[in-house]
Amino acid sequence: MAYYIKSIPTLTGEVAQRFNERAAEVEANRGSIDFSEQVETMRKILAEAKLGY
């Protein structure tokens, strides 16, 4: 028995324009998240497990 697969909705008009502007803004600010705290935690865990770092 086959199941109906819904088509993927397509953004149009003002919504599409707003989406593209927001996507460009986010892409321009890539890598702005500071993961130094998480990296330090990872290093402590690996050091305790004697796996390096």
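Rule-based calculations on the coordinates, nothing more; no lab input. Not measured: the values here are computed from a predicted model. No Cβ is skipped: glycine too gets one built from the backbone with ideal geometry, and neighbour counts run over all protein chains shown.
Here are some notes:
- Once the Cα-Cα distance is subtracted from the 0.36 nm per residue extended length, the Ala49 to Arg18 segment shows a gain of 6.4 nm.
- Each Lys and Arg contributes +1 and each Asp and Glu -1, all at the Cβ; summed about the Cα centre of the chain, the dipole is approximately 260 debye.
- Qualifying chymotrypsin sites (Phe, Trp or Tyr not before Pro) for the stretch 1-45 [loop in DSSP, other Cβ within 10 Å: at most 16]: Tyr3, Tyr4, Phe35
- Residue-averaged 222 nm ellipticity for the chain, from DSSP H runs of 4+ at -39500 (n - 2.57), nearest 500: -18000 deg cm²/dmol
- Considering only Leu11, Ile33, Ile45, the residue lying farthest towards the positive end of the dipole of the chain is Ile45, judged by Cα position with unit charges set on Cβ.
- Correct option for Rg and Dmax of the Cα atoms in Å [calculated from the coordinates] among [x] 14.5, 44; [y] 13.0, 38; [z] 21.8, 56: [z]
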